[in-house]
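One structure is given here, and the rest of the page talks about it.
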Amino acid sequence: MNILSRLKPRSREGSLGLILIVTIGITGLINPRFLTGDGTRDLFTSTAVVALLAIGMAPVIIMRHIDLSVASTVGLTAWFVADICAKNPDFTWIHCFIIGPMIGMVVGIINGLLVAGLRLPSLVVTLGTLYIVRGAVYVISNSVDYNAQEMPPSLLDLGQKVFFGVMPFTFLLVIIAMLITAWFMKYRKAGRDCYAIGSNPHAANLVGLKVFRRTFLGFVFSGAMAGLAGVFYLMRFAQVDSTAFYGQELSVVAAAVIGGVTILGGSGTTVGALIGALLVQTIQGGLAAIGVDAFWKAAINGLLLITAIYADRVLARKSELALLAQRIRERA
Amino acid sequence: MVQKGDLLLQMKGVQKRFGGAIALRGADLSIRAGEIHALLGENGAGKSTMLKILAGVHVNDGGTITLGSKVFTTGSPQASIEQGIAVIYQEPSLFLDLSLAENVFIGRQPMKGAAIDWEFAQSEAARLFAELGVQLDPKRQARGLSIADQQVVEIAKALSMNANIILMDEPTAALSASEVERLMTVMKSLKEANKAVIFVSHRLDEVLAISDYITVMRDGATVSENPVGATDLQKIIKEMVGRELTELFPKTEHKIGEIVLEVTGMSNPAYFRDISFSVRKGEIVALAGLVGSGRSEVARAIFGIDKYETGSVKIKGVELEKGSPIAAMAKKIALVPEDRRQQGLFMIAGVDRNIAMESFDRLKKARVFLNFKKERALTETWREKLSIKYAGPSNPVDSLSGGNQQKVVLAKWLATDPDILIVDEPTRGIDVGTKAEVHKLIDTAAGEGKAVLMISSELPEVLGMADRIIVMREGRKVAELSRAEATQENVIAAATTGKVGA
């Protein structure tokens, strides 16, 4: 409990958590199945991949960058891990958990070198790697798909493992990843540097922060998490082809932003990113549970995103007005 | 342990060039412990370059810099910090999303084991704020803090780094009178602690009140270094200005007609208060004053970019609608803004498109389509009139030199044939030759019967061009001088002290 109280959510995360609970409550009232153990487990299982990616991308967004290549990286690692396991039948889940993040890291290193080293805008760089990585999967996979029988049984068993009836193994790892990252971002200099860099890049240079190193490692971390998320993808679906997780990068950005990770950098937490991912999934799952057509999913996502940005804007405007009022008082 | 009076920093014959421009041609500065040292000079004298070399932002090309007995290591902000030099920029460079405690300790957070010790950081920040005599909550976010409080945070940061040389670039420029007083108390307590404080300021009354030593710079070199008792206001102003004002300016006498622009009691409390003045046909009126005194804001309010709370603007006796540039343009007002790259031009659009921008209505074909022939003809007319130099009329203005860019902005507005021409810092950042041409254009515009309102921080320009000079200080009009009355000394005195006869 100690660590939880030390990671006491600030008002932003607190209110998001409240919104999440209310949303779950309302959904549960309409469709009681949603509140059962099965319903909760389904929510966690279906959120795990996006949540892990949002946590991985949070430091990048906090540094005023973005990583659009994550969904392609999930596809790449999922396919490669399955491919390697199919060719090495003695591999277990441990191999997968090592190989996956390493493949993701390669993409992260490329992104990091281009953004931090050549100072190219991350939006364009990662849009480029998004296409390159996906293109590479198409070419290399040569339309080969993999199914459950070609994957390590230990990995698939782990994917089915549930603690206390509600907590899937993958989501437990997501929570652990969130806690470690949250601690790191709050209690390590490198983590604080991320906030400073995103808040005022010019000043970060003036006070001598290691901007290159932090930016580079941020992308490597995001890549590694995307690699792990690729393994999670296999654990959930036990099946992979070259289009795996196609086009999902923006739901990750959306989850982080809805969770209060400001797209302009400088603020947000991984706790928020996780809550954001859960909130998106709850609302979608909830709408499905009350019988809203699945075609509404994308539109609802967009509406949530704009609401979150609007909330940010309102808060920013409020502090601007306070500043102006103060100025007037001082000049008087 | 540093003793009061020990020589902490010595700069000798320091030189710095930026491309072809010489910023420093041999500047000297000596700083002792327990001293408040003012660095004075006109805009462009090289003060900021000196500070930036010490801050590790620029590297000097020549000369020697020693810290005590050691040679100063240049070239990185980190190195300067490690050598005990802290810089507080005119625009404080805080991280607005972070807490005050964190801003104080950024990059140097106190650790307890593997984790940052936030409690210690907060109590330490609180102690530093208290030491500086200011009530600030260390847990508070820096966003929304006044400039004065942001400076206090920067000073606390300097103290926490154990800096013994603290540089401040125009720390009082954006402060109110009571905040200036508080800052001075802080500066004195730093002096008591045997730190050296170097500060740049244009407010000479403050400088004389607080400094122990005054160094005056002009044209990239040091003119004088004196203890405060050995100099006075008159002497400092002479040293700063240095040259006799020659008739560089093509100002000619014009017939001055009726009042065209009349501003009465205009106030926007955040920026300026109770501003009244008028400009007549054929007259050039200058708005002088320090940067931040509210001059540009007055111009923006007249043109309708910002609103004002009370007062009125009349054009030829008819009240002008507030807050509407379209209404202002319909009344034939033109505003050539201070920042041509951001506000005056579409940098990637062609020269022709930029010049025609405000004249589209006259260049239309069948009331809808832009007539490119007319656009070209208009561009050609103004190219000749203003001798603008460019490779081709559709080349992006980004490819032009600063002086030619400024001419394009002027051409754009002159093409609308305005009755009132407002120019904000019309010659900033352009070379001497083009400067003279721009001055001639402004004079010609006045000669054609336009009413000209010119904002300028360059005194020679103000004195050389204006029929009348209005001096602003801290958002208020403090003096109105005719061409005959105005001298460099009394305009500087009014802008820096608020009194004409200092």
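The values are calculated or read from the model by the stated rules, or taken from the named source; none is laboratory data. Treat the numbers as computed from the prediction; the structure is a model and nothing was measured. Ideal geometry is used to build each Cβ from the backbone, glycine not excepted, and the neighbour counts take in all protein chains shown. Just the protein is used for accessible areas: all its heavy atoms, side chains included, with ligands, DNA and RNA removed. Shrake-Rupley method; radii C 1.70, N 1.55, O 1.52, S 1.80 Å.
Can you tell me which of A:291, A:265 is modelled with pLDDT of 90 or more and either open to solvent by less than 30 Å² (accessible area, probe 1.4 Å) or more than 29 Å from residue B:98 (Cβ to Cβ) (or both)? Explain how you work it out, then say what you get.
Numbers: A:291 fails: modelled with pLDDT of 90 or more.
Going through A:291, A:265 in turn, just one is modelled with pLDDT of 90 or more and either open to solvent by less than 30 Å² (accessible area, probe 1.4 Å) or more than 29 Å from residue B:98 (Cβ to Cβ) (or both): A:265.
Within region A:10-34, can you find the residues that are assigned to a helix (DSSP H, G or I), among the basic types (Lys, Arg) and more than 19 Å from residue A:305 (Cα to Cα)?
Answer for region A:10-34, where residues must be assigned to a helix (DSSP H, G or I), among the basic types (Lys, Arg) and more than 19 Å from residue A:305 (Cα to Cα): just A:33.
How about region B:1-115: which strands (runs of 3 or more DSSP E) wholly inside it have at least 1 residues that are open to solvent by 40 Å² or more (accessible area, probe 1.4 Å) and on the phi < 0 side of the Ramachandran plot?
In region B:1-115, B:7-18, B:21-32, B:62-67 are the strands (runs of 3 or more DSSP E) which contain 1 or more residues that are open to solvent by 40 Å² or more (accessible area, probe 1.4 Å) and on the phi < 0 side of the Ramachandran plot.
For region B:138-160, how many residues meet the condition of being more than 24 Å from residue A:325 (Cβ to Cβ) and either in a loop (DSSP other than H, G, I, E, B) or open to solvent by 10 Å² or more (accessible area, probe 1.4 Å) (or both)? Talk me through it step by step, then tell me what you get.
Step one: list which residues in region B:138-160 are more than 24 Å from residue A:325 (Cβ to Cβ), which gives B:155-160.
Adding the requirement that they be either in a loop (DSSP other than H, G, I, E, B) or open to solvent by 10 Å² or more (accessible area, probe 1.4 Å) (or both) leaves B:157, B:159-160.
Within region B:138-160, residues that are more than 24 Å from residue A:325 (Cβ to Cβ) and either in a loop (DSSP other than H, G, I, E, B) or open to solvent by 10 Å² or more (accessible area, probe 1.4 Å) (or both) number 3.
So is residue A:184 at negative phi, aromatic (Phe, Trp, Tyr) and out of contact with any strand residue (DSSP E or B) (no Cβ under 6 Å at 6 or more places or on another chain) or not?
So residue A:184 fits the description; yes.
Considering only region A:170-278, give the helices (runs of 4 or more DSSP H) lying wholly within it that have at least 1 residues that are of a type in the set (A, V, I, L, M, F, W, C), within 14 Å of another protein chain (Cβ to nearest Cβ) and touching a residue at least 40 places away in the same chain (Cβ under 8 Å).
Per the criteria, A:189-199, A:211-237.
In region B:352-392, how many are touching a helix residue (DSSP H, G or I) at 6+ places or on another chain (Cβ under 6 Å) and under 30 Å from residue B:295 (Cβ atoms)?
Looking only at that region, the number is 8.
Looking only at residues that are in contact with an Asp or Glu (Cβ under 7 Å, 6 or more places away or on another chain) and assigned to a loop (DSSP other than H, G, I, E, B) in region B:161-186, which one is nearest to the other protein chains (Cβ to nearest Cβ)?
Only one residue fits best here, namely B:176.
Check off (1) outside any helix (DSSP H, G or I); (2) among the basic types (Lys, Arg); (3) in contact with a Phe, Trp or Tyr (Cβ under 8 Å, 6 or more places away or on another chain) for residue A:134 and give me the number that stays unchecked.
All conditions are met except number (1).
In region B:288-297, what residues are touching a strand residue (DSSP E or B) at 6+ places or on another chain (Cβ under 8 Å) and either at pLDDT 95 or above or farther than 18 Å from residue B:480 by Cβ (or both)?
B:296, B:297
For region A:112-121, does any single residue satisfy the condition of being open to solvent by less than 10 Å² (accessible area, probe 1.4 Å), small (Gly, Ala, Ser), farther than 22 Å from residue A:201 by Cβ and modelled with pLDDT of 95 or more?
no
Counting only residues that are of a type in the set (A, V, I, L, M, F, W, C), more than 14 Å from chain A (Cβ to nearest Cβ) and open to solvent by less than 40 Å² (accessible area, probe 1.4 Å), which one in region B:247-274 is farthest from residue B:296 (Cα to Cα)?
B:249
Given region B:279-383, what helices (runs of 4 or more DSSP H) lie entirely inside it while holding 1 or more residues that are at positive phi and open to solvent by less than 60 Å² (accessible area, probe 1.4 Å)? Before the answer, list the steps.
Numbers: elements: B:295-303, B:325-330, B:351-356.
Fully inside region B:279-383 and qualifying: nothing.
Do we find that residue B:499 is in contact (Cβ under 8 Å) with a residue 40 or more places away in the chain and basic (Lys, Arg) in this structure? Step through it out loud before you land on a result.
On the way: in contact (Cβ under 8 Å) with a residue 40 or more places away in the chain: no; basic (Lys, Arg): yes.
Judged against the criteria, residue B:499 is not a match.
If you go through region A:92-106 one residue at a time, how many are assigned to a helix (DSSP H, G or I), more than 25 Å from residue A:257 (Cα to Cα) and open to solvent by 20 Å² or more (accessible area, probe 1.4 Å)?
9
Looking only at residues that are in contact (Cβ under 8 Å) with a residue 24 or more places away in the chain and touching a His at 6+ places or on another chain (Cβ under 9 Å) in region A:60-91, which one is surrounded by the most Cβ atoms within 10 Å (Cβ to Cβ)?
For region A:60-91, the residue satisfying everything is A:81.
Would you mind stating whether residue B:135 is farther than 27 Å from residue A:211 by Cα, assigned to a loop (DSSP other than H, G, I, E, B) and polar (S, T, N, Q)?
Values: farther than 27 Å from residue A:211 by Cα: yes; assigned to a loop (DSSP other than H, G, I, E, B): yes; polar (S, T, N, Q): yes.
Answer is yes for this residue.
Being touching a helix residue (DSSP H, G or I) at 6+ places or on another chain (Cβ under 6 Å), β-branched (Val, Ile, Thr), touching a residue at least 40 places away in the same chain (Cβ under 8 Å) and open to solvent by 10 Å² or more (accessible area, probe 1.4 Å), is that true of even one residue in region B:416-436?
Yes, region B:416-436 contains a residue that is touching a helix residue (DSSP H, G or I) at 6+ places or on another chain (Cβ under 6 Å), β-branched (Val, Ile, Thr), touching a residue at least 40 places away in the same chain (Cβ under 8 Å) and open to solvent by 10 Å² or more (accessible area, probe 1.4 Å).
Could you tell me whether region B:49-58 includes any residue that is assigned by TED's automatic domain parsing to the domain that holds residue B:186, at pLDDT 90 or above and more than 29 Å from the chain's Cα centre (by Cα)?
no
Restricting the first residue to region B:110-121 and requiring it to be at the interface with chain A (Cβ under 9 Å from one of its Cβ atoms) and aliphatic (A, V, I, L, M), which pairs with a second residue that is open to solvent by less than 20 Å² (accessible area, probe 1.4 Å) and outside any helix (DSSP H, G or I) meet a Cβ separation below 8 Å and a spacing of at least six or different chains?
Hits for this filter: B:116/B:109.
Among the numbered criteria (1) touching a residue at least 12 places away in the same chain (Cβ under 8 Å); (2) open to solvent by less than 20 Å² (accessible area, probe 1.4 Å), which one does residue A:162 miss?
(2)
Look at region B:196-235 and say how many of its residues are part of a loop (DSSP other than H, G, I, E, B), modelled with pLDDT of 90 or more and open to solvent by less than 30 Å² (accessible area, probe 1.4 Å). Walk me through it before giving the result.
Within region B:196-235, the subset part of a loop (DSSP other than H, G, I, E, B) is B:201-203, B:211-212, B:219-220, B:231-232.
Still in the list and also modelled with pLDDT of 90 or more: B:211-212.
After this cut, where a residue has to be open to solvent by less than 30 Å² (accessible area, probe 1.4 Å) as well, the list is B:211.
Number satisfying all stated conditions: 1.
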